[in-house]
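Student: After the structure tokens below, expect a handful of questions from me.
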Amino acid sequence: MLEEKRNKVAETVQYLKSRMTIHPEVAIVLGSGLGGLTKDIQILDEIPYADIPNFPVSTVPGHKGTLIFGKLNNVEVVVLNGRFHYYEGYPMDVVTYPQQVFAGLGIKKLVLSNAAGGMNPTFKVGDIMIIRDHINFFGTNPLIGPNDDTLGPRFPNMSEVYSHRLIRLAHEKAKANNIYVQEGVYMGVTGPCFETPAEYRAYYILGADAVGMSTVPEAIIAHYRGMEIFAFSVITDLGVVGQVMEATHEEVLAAASTAEPNMVKLIKEMLPEM
Ligand code: HPA
């Protein structure tokens, strides 16, 4: 079982290595409606997921489904343009397959982006929230099952999943470039339902500032595999008590695209110092 899984990842890694002309240390995962970052990338290779051995295929509108090797602000990057969500029906090891592949490719740093609903009353639609920490509310964990001790520890320490160094760097670059940023705790849930008003309220009381349907499983595996992680949410709708919006997927995509220039700027500014 473990060996089978390792061999699958190894086959994917081998295929990608055979195509790679660069050796990035940074991987970027683009969330819902945030694919516009790719316009700024000097693309060297763009591979549809369907062409990559053992790679899953994404099913959600707004998630494109290509792996990009290129340069962003002159820094070599690999970009996952379209992620895999638990609500699509994929098991957790498929949701986090790209992170296992990134580790195999020698990626050291991971940038995760997502669209999220904001519960913190100081948040506005279009805000960027730097993720300081997360609450895993999926009701499961991608590391459940026999542990492969060659990849990471049975009981990972989670005291600093989101690199304090990178959070500091993000604040520094945001300030220098007049980009308004928030910071907070991300609650990861399965979806696909958006939250009821009672759920938004409950999650806020539990200590979360924003809620979304991704990122947490990916951060767990990337952290387990030893990557330094930076993550942020674009707040696309509000679950603030008394002003819960009727979020739709289209509104989420539209709100994400208005925040896109700032998030692109922030990532570009951070990259050379990551
Ligand atoms: N809830 C969960 N996931 C989301 C939301 C939300 O309000 N907005 C964007 N992704």
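The values are calculated or read from the model by the stated rules, or taken from the named source; none is laboratory data. Please read these numbers as outputs of a predicted model, since none were measured by experiment. Don't worry about glycine lacking a Cβ; one is built from the backbone with ideal geometry, like all the others, and counts go over all protein chains shown. All accessible areas refer to the heavy atoms of the entire protein, side chains included, with ligands and DNA or RNA removed. Shrake-Rupley method; radii C 1.70, N 1.55, O 1.52, S 1.80 Å.
Student: Using alpha-carbon pairs under 8 Å, 6+ residues apart, how would you state the relative contact order of the stretch 77-227 in percent? Each step should come with its number before you reach the end.
Tutor: Numbers: 190 pairs, mean separation 60.5, N = 151.
Across the stretch 77-227, relative contact order equals 40 percent.
Student: Which one, Asn147, Asn54, Asn136, has the greatest fluctuation when you compute a Gaussian network model over the chain with C-alpha springs under 10 angstrom?
Tutor: Asn147
Student: Next question, about the same structure. Rounded, prolate or oblate: which one fits the stretch 1-115, using the alpha carbon gyration tensor with axes a ≥ b ≥ c (rounded when a/c is under 1.5, else prolate when a/b beats b/c, else oblate)?
Tutor: Oblate.
Student: Okay, next question. Using 5 Å bins from zero, what percent of all Cα-Cα pairs in the chain falls into each bin?
Tutor: 1, 6, 14, 18, 20, 18, 13, 7, 3, 1, 0
Student: So how do 151-161, 70-80 stack up, highest first, on mean other-Cβ count within 10 Å?
Tutor: Ranking, from highest mean packing down: 70-80, 151-161.
Student: Identify the GluC sites (Glu not before Pro) of the stretch 205-274 meeting these criteria: DSSP loop state and at most 15 other C-beta atoms within 10 Å of the C-beta.
Tutor: Loop-located and lightly packed - Glu246.
Student: Below 8 Å, C-alpha to C-alpha, sequence gap of six or more: please give me the relative contact order for the chain in percent. Provide the component values of the computation, followed by the final result.
Tutor: Values: 545 pairs, mean separation 70.2, N = 274.
Relative contact order of the chain: 26 percent.
Student: Would you mind classifying the stretch 125-255 by shape? Square roots of the alpha carbon gyration tensor eigenvalues, ordered a ≥ b ≥ c; an a/c under 1.5 is rounded, otherwise it is prolate if a/b is larger than b/c and oblate if not.
Tutor: Oblate.
Student: Starting from the Cα of Met158, step 7 Å along the direction of its Cβ; do the same at Leu44; then give the gap between the two resulting points in nm.
Tutor: 3.6
Student: Can you give the FRET efficiency for Arg19 and Ala202, using 1/(1 + (r/R0)^6), R0 = 35 Å, r = Cβ-Cβ distance, to the nearest 0.05?
Tutor: With a Förster radius of 35 Å, E is 0.15.
Student: Further question: Using a 1.4 Å probe on the protein heavy atoms only, what accessible surface does Thr140 show? Give it in Å² to the nearest 10.
Tutor: About 40 Å², rounded to the nearest 10.
Student: Taking the chain as the reference, fit the longest principal axis to its C-alpha atoms, fit the long axis of helix 2-19 to the helix C-alpha atoms, and give the angle between the two in degrees, 0 to 90, nearest 10.
Tutor: 80
Student: For Lys173, give me every one of the lysines with a C-alpha distance below 20 angstrom, ignoring sequence neighbours fewer than eight places off in its own chain.
Tutor: Candidates past the 8-residue exclusion: Lys71, Lys109, Lys265, Lys268.
Student: In degrees between 0 and 90, to the nearest 10, how far off the longest principal axis of the chain does helix 249-270 point, with axes built from Cα atoms?
Tutor: 70
Student: Per the helix-only calculation at 222 nm, which mean residue ellipticity applies to the chain, given -39500 (n - 2.57) for every DSSP H run of n ≥ 4 and division by its residues, nearest 500 deg cm²/dmol?
Tutor: Helix-only estimate at 222 nm: -9500 deg cm²/dmol.
Student: Now, a different point. In a GNM of the chain with a 10 Å cut-off on Cα contacts, which of Ile107, Ile128, Ile47 has the highest mean-square fluctuation?
Tutor: Of the options given, Ile47 has the highest mean-square fluctuation.
Student: How about Lys64: which lysines have a C-alpha closer than 19 Å to its C-alpha, ignoring those fewer than 8 places off in the same chain?
Tutor: Partners found: Lys39.
Student: Can you compute 3J(HN,Hα) from phi for each residue in the stretch 84-94, using the Karplus curve 6.51 cos²θ - 1.76 cosθ + 1.60 with θ = phi - 60°, rounded to whole Hz and x for Gly and Pro?
Tutor: Each residue of the stretch 84-94 in turn: 10, 9, 4, 5, 6, x, 6, x, 4, 6, 7 Hz.
Student: If you take the square roots of the eigenvalues of the alpha-carbon gyration tensor of the stretch 187-274 and sort them as a ≥ b ≥ c, do you get rounded (a/c under 1.5), prolate (a/b over b/c) or oblate?
Tutor: Oblate.
Student: Next question, about the same structure. Projecting each Cα onto the charge dipole of the chain (Lys/Arg +1, Asp/Glu -1 at the beta carbon, about the Cα centre), which of Ile107, Ala202, Met129 comes out farthest on the positive side?
Tutor: Value: Ile107.
Student: For Cα pairs less than 8 Å apart in space and 6+ apart in sequence, what is the mean separation divided by the residue count of the stretch 1-107, i.e. the relative contact order in percent? Working shown, then result.
Tutor: Values: 162 pairs, mean separation 35.6, N = 107.
Relative contact order comes out at 33 percent.
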